[in-house]
Every structure is written in C-alpha cells, then in structure tokens.
Amino acid sequence: MTSKLFLALLLLPFSGLAQDDPAGVDMLDTAVVVVAPPTSVIAVDHKYDKGERIDLTWVPSIDDQLVEGKVLAYRIYRIVNDGGPQLVADVATGVGPYQYADEDLHRDSIYSYYVAAVSSNYEAASTRTAPMSPQREWMNLDRKWLFLIALIVGGSVLLFITAARRGTKLFVRKIAGLEAVDEAVGRATEMGRPILFVPGIRDMDDVQTLAALTILGRVSRVIADYDTRIFMPTSRSLVMTAGRETVKAAYQAAGRPDKYSDDMVTYYTDEQFGYVAAVDGVMVREKPATVFLLGAFFAESLILAETGNYIGAIQIGGTARPAQLPFFIAACDFTLIGEELFAASAYLSGEPMQLGSLKGQDVGKAIAMIAIIVGAVAITIGEAWDVEFMHDIVTWLSGVFSTR
Amino acid sequence: MEAFFEHFRLWLAAFLTLGIFSFLYKDNPWYKLTEAIFVGISAGYWFVVLFWDNFHGKFWVGAGEYSINWVVAKLTGAQAPPPPDSSIDFMLWVGAFLGLLMLLRLVPKIGWISRWPLAFIVGSTGGLWLINYFASNVMVQAQATMVPLFSSAFGTGFDQNADAVIGALIIFLGTFSGLVYFFFSKAHTGVFGGTARVGVFFLMITFGASFGYTVMSRMSLLIGRIDYLLGDWLGMIK
Amino acid sequence: MFKRRIPLFILAFVGTLLIVSVFIPPMENLGEDFTLFFDIIAVFAFFLGGGNLVRIHFGKLRRRKKDWGFSIVTLVAFFFMLTIGLLKVSSVGGVWNIPLLGIGDPAAIAASPTTEGSWFQETFNYVINPLQSTMYALLAFFVASASYRAFRAKNREATLLLLAAFIILLGRTPFGMELTRWVPESFSVLQIPNMAIWIMNSPNLAGQRAILIGIGLGVVSMSLRLILGIERSYLGEDRG
Amino acid sequence: MTTRTKELIAVAAILVFALIFYIGRVSGWQATEFSTGTSIVVVVLLLASLLWMLALTIRGRLIGRRVVFLYVGVAVAMPLFMKLSQEMPVSLAVLGVYDAVMELQPGSKVLIACDYDPPTAPELQPMAETFIRLCFQRDLKIIIMGIWPQGPQQANLALEKILAEPEIAAKNLEYGIDYVNLGFQAGNEFVIQRMGGSFKSMFRTDYGGIPYDDLPLVRNVRNFSNIDYCFNLSSGFPGTVEWVQIAVDRYGVKLGAGNTAVQAPTVYPYLSAGQLTGLLGGMSGAAEFEIAADARGKGTKYMLSQSVSHIVVIAFVIIGNVAFIMSGRRSALKG
C-alpha cells in the first residue's frame, strides 16, 4: 500500500504534465528546470460555512523563495474519495499569501490535496494532506458581534415602540422637508392642479422604494382629505400594484373610497430613460403643482427635478444615494437626505409607536459615535505613546465591528 | 434592399434623436411621437427579456418543464422522466405560485389574496437588507473611522505630519458632527445645534464634491449624440 | 381574518427568517433563493403592468381622448416588440427564421432573443439605443441650466457646497492645473488638483460616512416597522 | 406670423438642411474642417456671448433656459469642426498601457474585458478601438468578454470598425483564431473569480453560440495563467476595482484599464501601487492613447469638445454667482 502510494506520488508530476495542456509552458527550452516542491501543505475546514469549503495553505518552494521567476505557478490537485487527482487551479506566484480556498465541496465526500510547484517544464508535487471532509456549522460565530449589536439596536427600536404604546411622551425634532408636505398638498388644492408622486426607478426589492411607498401612504391620506388629484407613474409593475393598494387604502381611511381610481397609479416601462421621457411628458402636460421625487434615483434625478422646476412645481425630493442628492438640493425646494427618507413616514404619521422607532435609531447612532470616539482616542494614544493596553482596546473594538 | 435599410437606420436614429432634443424647446407632437415609440418599444423589450431570462431561464428550465413533464407522464401512464438532477430546484415553484396569486388581482372578488405575495416581497426585502445595510453601512463605516489622529506613521517632517493630522481630524469631526445632525431625539439648539450645524457644513461639502464629480462626465454623452447627428448622419464632420 | 392576519404572518415570518439566515451557515443562501422568487414574481406582475399600459391606451383610443393618435403608436410598438421577441424572429441574409412557428431553422429556438441579427436586437440597437443615449444626453443641458440658475452662494451652506463643487470641477480640467501651477512645491496642497483630491479624501469622506451610517440605521428601523406590521399602508388596510 | 408658423418653418428648414447635407454626403462631399482663422473667430464669438450673458445677468435679467440650451449645444458642437493642432504630452499612466502592449510578443493572448454600455461609449469606445487596432497591428490575439450585458456588443461595434480598416483587413484575420468574443456572463465579480479557476466554466459558448472547445484560440486557455495581458474598460461597478481585487491580487494578472473620467479617480490608487500597469482616464486619456499609438481618432476629436463643455459649466456657475453677488450688493445699498 505504502509503496504503491509512493510510486503514484513519484509518477504524479509527470502524469500531470502529460494530461495537462502545455499552453503556458515553453517547450522549446530543452533543459529541465528542476524545482523543489512546496512544503507544509495544510488543509483545514473553512469555519462557519455549511460544509462546502476547505482552505489550503503551504510554504512556497525553496526555489521560489530564492530565485524570482523560477517557479511559475502552484498547481492545486484534489483527490476525492480515493479517486484520481484532479487539477483544481493554478495559483500565481509572487502575489499575496500562499493559499487557496477549494469551494463547492460535499460534506459526505472525503478530500485530500497536494500542491505542485511548476517551473517552465517541470512539476514538483508536495506530499498529500490527510483525508478530510468539510464540516457544517450551525452558528456563524464570526458574526456574533454583528448579531449582538444588531440586537441592541433592533431591541432599542422595539423598546421605544413599546414605551410609546404605554403612553410615554417622546420628543422628535422637526424635519423641514416633512413639515412642508401639508403645505405642498394644500397648494395643489388651491391651484386646482394635481400632485405627482415619482417613487424612483427601482423595484420592490430596493429598500428606498419601500420607503417611498410608506411615505406615499401618509401623503395620499392628506391628499384624500384635501380632495386633490394624485398621479403616480411607476416604472415597475410590482410598484404599481403596491402603490394602488396604498393609495386605495388612504382613500378608504379618509372615507372617500368612491374618489379612488386605478388610473391614479399607472405603469409605463421598466426602461430607465423611457420612463423618464414619459414622466417628463406628464409633467409638462399635466402641470402638477407639487412633485414628490422619493426613492431610488440615478442619472435621471436632475432631468426630472429640472423639468419639475421649469413647470414651477413645489418639489420635495429624497433619496439614499449620495451621488444624486446634490441635484435634488439644487432643483428641489425640500430634500430628504438619506436617513430622513426612511424616517419620513414614521414622522409624518405622528403616531407615538412610529416615533418610538426613530428613537431606537438614535441609540444606534449613539453606539456608532461612542465607538468612533473610543476607537480613535485609543488608537491615537496607543500609536503616540505605544501603550499596549490601548492597542488591545483597538484590536478588540475593530474585531467587534468587523463583519467579514 | 440592404442599402435602403442602411439609409433607413441612419434616418430613424436621427429622427428619434432630434425628437427627444426637441423637448428642450417645448413639448411638441414630435416629442410625443418619440415618447410613444420609446414607451411602447421599451416596455415590450423588458417584458421579453424578463420572460426569457427570468421565467424561461430560471423557472421553466429550473423546475417548471421537468415538473410538468413528470405530471403529464403520470397522467398518461407514459414513462416518467429520469429523477431530477442538481439543476432542478422545486423551490422555484414557490415563486411561480406567489406570482400566480399576484394575478388574482384581476378577479375582483378574491383580489385581496394578491396581498400575500406583496407581504412576502416586502418581508423578504426588509429582512434581507436589514442586516446587510447594518453590517456594511453602520459597522464597516464605524470601524473605518477608528483611525489614529496622529501617528509616527504619518511621516517625520512637520508639514507632512500636519497634513495627515488635519485630514484625520477632519474625517473624525465630520463623521461625528454629521451623525449629530441626523439625531432625531434632540432639537438643534445650543452646543448640540452648533455641532449639528457643523455636520450640515460637512454634508454640504460632500454634496458639492459629488456634484463636481458627476457633472463633468455628463457632458461627454452629449458629444456622442452631436457627433452622431453631424458626423454619422450628415457627414459634416469626420 | 384571512384578509388581515395571513399577510401579517407572512410578513413577520419571511422577514425574521431572512434576518436569522445571516447567522446560520446552512441557511446563508436563503437570500439568493428569495431573490430568485422575486424575479419570477416580477414576470407575473408584468401582466398587471403591461395590461395596465394596454388598457389605458385602448381607453384613450376608444374615447378619442386628446392625443389618442399617440396611443396607437404606443400599442403598435408594444405588440410589435412582444411579437418579435417572444417568437424570436430573425432574418439573416434574407432568410427568415421564426422557429416557434416552424419557419426557418428550428435550431434557432435555443438562441437568446438578444443574439446579433435577431429583429429584437436590431430594434434595440437602432431604436432603443439612440433614444436612451439621447435622453441621457439631455442631462448635459440640464446640468448647464442648473449650474447657471441653482448653484448660488445664497447662504453659508450653499457657499460651502458651491466652493467644494467648484474646486472639484476645476481640479478635473487641465485649466485648473494651469491656474495654480505657479504655487511653489512646498505649498503644493494649495494647487487646485491637490485641493480637489484632499476634499474628496477628507471632508467628503466624512460626510459620506455620516450619511451611510444614518441610512443603515434608517433601514434597520424601517424594516423592523415593516416586518412587525406597524407600517402596513401598502397592504391596503389602514387602522384609521 | 404666428409662433406656430414660425415653428413649422424652423422644422422645415432643419429638414431641408439635413436633406441637402445627407444627399451631399452620399454623393461624396468632404467633411468640413475649420481653418485656424475660423476656429479663432468661433472661439472668440463663444467667449463674447458668455460675456454678454454675464452682463445681462448682472443687470438682473436671467437668461432664458432655451438660450442656455442653445448655447451649450453650439459650444459643444463647434469644436468638433476644429482641428486639434496643439501637441498633447502623453502622461505616464497612459504610456503604461501602451508600453505593456508593445512589450508583448506577437501571438500573445490579450483579454479585453468590456464593462460599459452605450451611455458611456463616447468616452470608452475610442479607447476600445485604439486598443484593438494596436493589438492587431502587433499581431496579438484578442479575447473579448464582458460582465456588463452590453459590453460585448460595444466590443463588436469596435471590432467591426477596425477590421474594415485597410491596414487590418489586409491581415485577413479570422474569427476563432485571431480574435474571439466570449460574450456576456451574469454574476458580477464572481465571474472574475470563477474565471481564475476556469474560463470555460463561465463561457460555455462564445457570443454567437459556438462551444468553447471549438474555438482554436481559447481551446487551450484554461484560466488567467494563459493570458499575457488584460485590459479592462469600465464605467462603474463591477469594473476595474473588482478586476484589480480579484484578477490582479489573487491571480497575478497584468492589468491595464480605461475608465470614464468619473471612475478614474477611484482607480488611481491602484495605479500608484502598481496593481495597474497603466490607466486611460476619460476623454483626455483616450486622446493621449491615440497620440501614443499614432492613430488620432474620436478621442482626440472629442477632447476639445469636452474641454469646452467643462469650461461652459464652470463659466455658468461663475456667471450665476457673480451676478448674484453684484445684484445682492446693489439691493443692499438701496435698502
């Protein structure tokens, strides 16, 4: 048995050469460039996965360490359940650490590996690793801190919501863009012109679209009360469906279900600029008094906002995409910046429970701020005076905040 | 015939291009025509792409075809297809089932069932992004801000050091005061209000930078279109 | 009962499942699976969206509403695209291929509708592409008019925004480079391109971070409100 | 005359103008090019109208948006008629790409990753064309792919154009042997990662549906180790950043890149760290590359227009603000 294995090992480098294409190998060079094999090849199970991955590390061939360019690459071979060796990958030399992650494995198979150093016309194989199977873990302990901190933030959101439900008074500061909603709707009523609500160009799998819909719920309630017309063009069928439900519910809640019509929310096209062309057309033809641009916007932000500006509408813009915010700031009357977009519906609702959730958000901000201060101060002291203890704090903190 | 198509294509693209540009002057029938073509063609385009990529490519190939063949074989007593291999995923039926429920909207009496897939979508979007956003926006950014305010690694000369120290300090102060601005629990008055105002300053610089950063690249698009009109179409420029 | 409770249950169940899946390795692909479901649902939903498009334009046509002529164009364009795309119509070198109707080469049925030479792809190249690019190019005009009209140093905040924008704008043109070439090397920070880099790397970065952290927390809180069913206006019911 | 009539006359005029030039073009009219004198006059006129706008704005009369639009259109179009005579120095970043290509032995395999779409084509297409031409001139083999859906289509447009040039056409290059377009593969950066193991696993067929193993050029290309140089044209995510992080850092690929002006600054750090051999940034990068490769084309031509368009934006910001400050002062004095 052992001798067989030995023989196989001896022959392997050559069999590898024979069966693999020599595309990257210069065959004109007749002198064989013999290199030493890599050593200490270690295969370990990848931690905290579902049992699909084994990580390999090795110490490079001595020739690679001494002469640059002698070893061209390392070839990774895999043996599954005592089958023949399969070439898995070539790993380039001279870049990064010597390691390879073998993925898409099965928990019920047994794997063993060896790594070969490849010169221009020679392959030197290492010894094989001990046979092993990848393991499955049920908890990702790498993410324990993420879990804990998310739990604290999520928990405080819940806590404040419950507190609010019990009747604790909660203070939330004024948000200028949202104070303007009533006024903007009122203006449209006075002028007898419609209100245009643009929910961005992404589908329901974008949180910004969800934020836009939650705001739509509040806005359309005000609109139903004032008995103004709302028009909402969408670029996704699902958003149209959800938008209809939202507006309809608002009209029902206002006691005017008869005033609602499906024509208020329509679909145009999924195509970004096709949608923009259509919305621009709607703007100049219907001349809405108020335009809401809330959700996920890309290059079209300025096209829409400038056209809205041109027709003289009051515009309230908001998105979580920092690159588009300056265009809204330039061309809209009020802009919801990032977090304010997500907070808007809670704020507009005025319900204590919803406001409570905003308080919970602040707890998260406080945690982030404290972590930033402690981290920065500790690392500064640590660097400046080389205090071991401070270094430890920093290492720990950045471990806590690492999400991998 | 081919020559005719060559001319036709050039004129068609030019006609559409000018139609869109005419909107800059004002809304007009030419623009309305272009818009109508754009909406109709692109809506059709996306449905076809969705149909072949998502419905056919993902559902039909992944589960639908096999299952239906299997049922048909069982019903007709023919030989059943071979057992499914790893490319078949019956879970995809969940998506198709929810999609069908969505279509129940068309039946007014039981239209309310379409709220189930809607709830499913909202629940999964919310659940999926909650941790994702929290990890990559909150945790990673907070971690990245834990940098030394001054350090020997910055360099030995005073001026290099000063640059780096100021830079680090600005990042630290900017992030901190920016967060203060977003605080909802406290009115923007006193020291707190002052810090929030500093935060607004930083946000404004950020927006200014984004503006300057994006604006320039927007101009090159126009060059491409004008080159099409004057070059490819009219041959006035090389 | 069914109308109210089941959606809320689905919402809470699915949401919680996906949150937890991040921490449980055997469940970590759940998010991808759900994205697949979403893609499939979106196709079905298109029948509602596309149906709506057709219904509206037919309505305009029937009632001879203003601009009903353009509705005909939209409808024709829409059905034309559906037909050639779903049937995979192509004509290469004068030979017609409509594999789904048994015309021409039956092997063409396997080809993607977007292969070169298919009518579908041709329409994309010669109709959608110029339209898309031109619509995008309109931005150049709007950028100019916004620069002229809107970016003014009205107050301290606007002034900062303007200054930062201006330095970055200048810093990315050769013009800006020439403008401050005279500044000696030892004050190279004051050269406009270097100032632009500094703004990008320091204050801009700080602002971006604050915005990102805020967004992250906003999403957490909003998602929780949604999953817990506190926020459910889109489900078509309002607690009034 | 009503506005309506005037508008109709204008449309008719445009149509007649277009017809004349189109027929002229078909019957072999030469393209117009301004002489140096005309170019100077045009530039002076453009500058003068900016000053006129400044004067008007200071007097408190906002320029109408149609005038602004018209001005932008003209200002961007005019330079396209001018000849760029000024010599441009070729920067080191651009030379890095050029030199890397020149160092390759004939027959070397070059991977071109096209990760952009039509909207950014004015900037990136000239780069693609010059790069492909240079490769063919040097007898290099080209393998095209994209992780943006429309990238390989853009590459085909460039290929079509270059292959029609007499110099290249004379080489009688053959598809599958001298160049290959593997097409688009969905999966963003994971495509690059998988390609590190095997190209074939990601591209079972090429763009036109030919099986991978039936293409002589790539039959023996297993993964990045068989590629001599890689060039990435990128206008966003996924793009050059991902190519550097995966192909360069993990698989040791030699990579050069062409980026839009917006994207370029985020990539500069990789250039200075040596992870990129060179970088073409925006229109000026494209122009410099054309100069280096001695093939002045669209990049050089667009360059002037782009500079003018940038100056126009800056000028409008200045005009708006100068007027605002001056009129503000005046009203303050009055008040």
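A short reminder: the numbers here are calculations on the coordinates, not readings from a lab. Bear in mind that the values here come from a model prediction, so they are computed numbers and not experimental data. When we count neighbours, we look across all protein chains shown, and the Cβ atoms used for this are built from the backbone with ideal geometry, even at glycine.
Within the straight-line cut-off of under 27 Å between alpha carbons, the lysines reachable from residue D:141 are A:70, D:109, D:161, D:171, D:200, D:254, D:298, sequence neighbours fewer than 8 places apart in one chain being disregarded.
Most simply put, chain A has about 60% antiparallel DSSP beta bridges, counting only bridges with both residues inside it. If R0 is taken as 51 Å, the Cβ-Cβ distance between residue A:110 and residue A:396 corresponds to a FRET efficiency of 0.85.
The smallest convex shape that holds all Cα atoms of the protein assembly as shown, its convex hull, gives 221 Å³ per residue. Where does helix A:2-19 land angle-wise versus the long Cα axis of chain A, in degrees 0 to 90, nearest 10? Tilt relative to chain A: about 60 degrees.
Charge tally around residue C:137: other residues with Cβ under 10 Å, Lys/Arg +1 each, Asp/Glu -1 each, net +2.
For chain B, the longest principal axis of the C-alpha atoms and the axis of helix B:158-182 are separated by about 60°.
Expressed to the nearest 5 percent, the antiparallel share of DSSP beta bridges inside segment D:92-295 is 5 percent.
Per residue, the average separation of C-alpha pairs within less than 8 Å and at least 6 apart gives segment A:315-357 a relative contact order of 35 percent.
Assuming R0 = 25 Å, what is the FRET efficiency of residue A:284 and residue D:45, from their Cβ-Cβ distance, to the nearest 0.05?
The computed FRET efficiency comes out at 0.20.
Built from the Cα atoms of segment C:1-86, the convex hull projects on average onto 9.4 nm², one quarter of its surface area.
Can you pull out the chymotrypsin sites (Phe, Trp or Tyr not before Pro) in segment B:19-84 that DSSP calls coil and that have at most 16 other Cβ atoms within 10 Å?
Values: sites: B:21, B:23, B:25, B:30, B:31, B:38, B:45, B:46, B:47, B:51, B:52, B:55, B:59, B:60, B:66, B:70; in loops: B:25.
Loop-located and lightly packed - B:25.
Based on Cα contacts under 8 Å between residues 6+ apart, segment B:148-238 shows a relative contact order of 17 percent.
Over the C-alpha trace of segment A:170-350, radius of gyration and Dmax come out as 14.6, 45 angstrom. Using the Cβ-Cβ distance between residue B:76 and residue C:101 with R0 = 22 Å, the FRET efficiency computed as 1/(1 + (r/R0)^6) comes to roughly 0.25.
Take chain D and mark each of the GluC sites (Glu not before Pro) that is in a DSSP loop with at most 14 other Cβ atoms within 10 Å; the longest unmarked stretch, sites excluded, is D:175-335. Computed over the alpha carbons of chain D, Rg followed by Dmax gives 24.3, 83 Å.
Radius of gyration over Kirkwood radius for segment C:91-135, both on Cα atoms: the Rg/Rh ratio is 1.09. Go ahead and collect, in residue order, the members of segment A:359-385 whose backbone nitrogen is under 18 Å from a label point 7 Å along the Cα-Cβ direction of residue A:166. What the label zone holds, given the 18 Å backbone N cut-off, is A:359-360. Taking other residues whose beta carbon is less than 10 angstrom from the beta carbon of residue C:97, and scoring Lys, Arg as +1 and Asp, Glu as -1, yields 0. Looking at the protein assembly as shown, the DSSP beta bridges with both ends there are about 45 percent antiparallel. With a threshold of 27 Å on the Cα-Cα distance, the over-threshold entries among C:154/D:301; A:365/C:3; C:65/C:88; A:174/C:154 are C:154/D:301; A:365/C:3; C:65/C:88. The P(r) of chain C has a tail past 26 Å containing 71 percent of all C-alpha pairs. Rounded to the nearest 500, the helix-only mean residue ellipticity at 222 nm of the protein assembly as shown stands at -18500 deg cm²/dmol, with each DSSP H run of n ≥ 4 adding -39,500 (n - 2.57). Remark: spin-label model distance residue B:26-residue D:188 equals 4.6 nm, labels positioned 7 Å along the Cα→Cβ axis. For trypsin sites (Lys or Arg not before Pro), the sites in segment C:86-194 that DSSP calls loop and that have at most 12 other Cβ atoms within 10 Å are C:181.
For chain A, what relative contact order do you get, as a whole percent, if you take Cα pairs closer than 8 Å and at least 6 residues apart?
Working: 715 pairs, mean separation 58.2, N = 404.
Relative contact order of chain A: 14 percent.
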